[in-house]
1. Within the group Glu57, Glu93, which residue is more than 17 Å from the chain's Cα centre (by Cα) and either touching a residue at least 24 places away in the same chain (Cβ under 8 Å) or closer than 27 Å to Val227 by Cβ (or both)?
2. From Glu173, Glu167, Glu186, Glu152, grab the single residue that is of a type in the set (Asp, Glu) and within 14 Å of Cys20 (Cα to Cα).
3. If you check every pair at least six apart or on different chains, which have Cβ atoms under 6 Å apart with a residue in region 165-189 that is under 17 Å from Gly139 (Cβ atoms) and among the hydroxyl-bearing types (Ser, Thr, Tyr) first and a residue that is part of a helix (DSSP H, G or I) and open to solvent by 30 Å² or more (accessible area, probe 1.4 Å) second?
4. Identify all residues within region 140-161 that are open to solvent by less than 50 Å² (accessible area, probe 1.4 Å), closer than 21 Å to Gly73 by Cβ and either in a loop (DSSP other than H, G, I, E, B) or of a type in the set (S, T, N, Q) (or both); write none if there are none.
5. Here is a list: Ala197, Ala136, Ala185. Which entry is loosely packed, with under 13 Cβ neighbours inside 10 Å and modelled with pLDDT of 95 or more?
6. With the requirement that a residue be assigned to a loop (DSSP other than H, G, I, E, B), more than 18 Å from the chain's Cα centre (by Cα) and touching a residue at least 24 places away in the same chain (Cβ under 8 Å), what does region 3-30 give you?
7. Test each condition in (1) more than 25 Å from Ile86 (Cβ to Cβ); (2) aliphatic (A, V, I, L, M); (3) not in a helix (DSSP H, G or I) for Ala124 and report the one that comes out false.
8. Search region 39-53 for residues that are under 13 Å from Leu27 (Cα atoms) and pair each with any residue that is at pLDDT below 80 and loosely packed, with under 15 Cβ neighbours inside 10 Å when their beta-carbon atoms are under 7 Å apart and the residues are at least 6 apart or on different chains.
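The values are calculated or read from the model by the stated rules, or taken from the named source; none is laboratory data. Every value quoted in this text rests on a predicted model; they were computed, and no experiment measured them. Ideal geometry is used to build each Cβ from the backbone, glycine not excepted, and the neighbour counts take in all protein chains shown. When the accessible area is computed, the model is the full protein with side chains, heavy atoms only, and any ligands, DNA or RNA have been set aside. Shrake-Rupley method; radii C 1.70, N 1.55, O 1.52, S 1.80 Å.
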Amino acid sequence: FPDQANMLMQGVTTIIGGNCGSSLAPLVKSDSLLSIQKWADVDGANVNWQSFKELVEELQRKKIGVNIGSLVGHSTLRRGILGDEIRDLQQDEIKKMQYLTERSIAEGALGLSFGLAFAHARSATIQELVALASSAKKGGGVVAGHLRNEGERFINALNEAVDIIQESKASFEISHLKAHGAYAAEYLDFALAKIEAINNAGGRVSFDVFPYDFSASVLYTVLPEWVTEGGKKNVLE
């Protein structure tokens, strides 16, 4: 319902969308919206926007009762260019994504989000991620990122995020910082020390946390990465 009374009665006045690499805009192709299918059923969705500006205009017409902001989803951009392909991007494709990132921020987006644990971003190279994070900073936006791994390769994933932060100079939020497995406490101690060191050196890194006892992620994130090559159809097979 547009008035969002259920949110307001709980004291929630602002909603930030476009997290973990998936957003409602910009849509390079109509099926770019499928990047959010892991969280919501998009069958029959009435999409009458393409650019971020057009999405903002549509939201304003709805007169929604809470404040709404959104990041640009890296996976949404990637799906718009590659469809279901899982591969490295060509340089001209990265430039297209940089342009869309900067344009969307100029049209009201708050920044860029990565969902590196999810299928469409798993093949993204550090060069691609740094280029896009740099574009987000250039446009005046922030960067948020779901780490590539939250289990036994947690430290490698955190170090990758640190490389993105240091090379792009962007303000970075680690999306729902957590670690799974026997060494989780040790990993988190390492992460907190790393974040503190970056901030003490002049960087801007923050993080949020989930209130879950265990997890609320999609099932394929605990499956071998080869399972997701070829998209949803291959996962189901």
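1. Glu93
2. Values: Glu167 fails: within 14 Å of Cys20 (Cα to Cα); Glu186 fails: within 14 Å of Cys20 (Cα to Cα); Glu152 fails: within 14 Å of Cys20 (Cα to Cα).
The match here is Glu173.
3. Note: pairs meeting the criteria are Ser168/Ser134; Ser168/Lys137.
4. Gly141, Leu147, Asn149, Glu150
5. Working: Ala136 fails: loosely packed, with under 13 Cβ neighbours inside 10 Å; Ala185 fails: modelled with pLDDT of 95 or more.
Of the residues listed, the single one that is loosely packed, with under 13 Cβ neighbours inside 10 Å and modelled with pLDDT of 95 or more is Ala197.
6. So the first thing to find is which residues in region 3-30 are assigned to a loop (DSSP other than H, G, I, E, B), and the list is 3-4, 9-13, 18, 22-29.
Remaining after also requiring more than 18 Å from the chain's Cα centre (by Cα): 3-4, 9-13, 29.
The answer is Asp3, Gln4, Val12, Thr13, Lys29.
7. Ala124 satisfies every listed condition except (1).
8. Pairs that qualify, where the first residue is under 13 Å from Leu27 (Cα atoms) and the partner is at pLDDT below 80 and loosely packed, with under 15 Cβ neighbours inside 10 Å, are Val47/Ser30.
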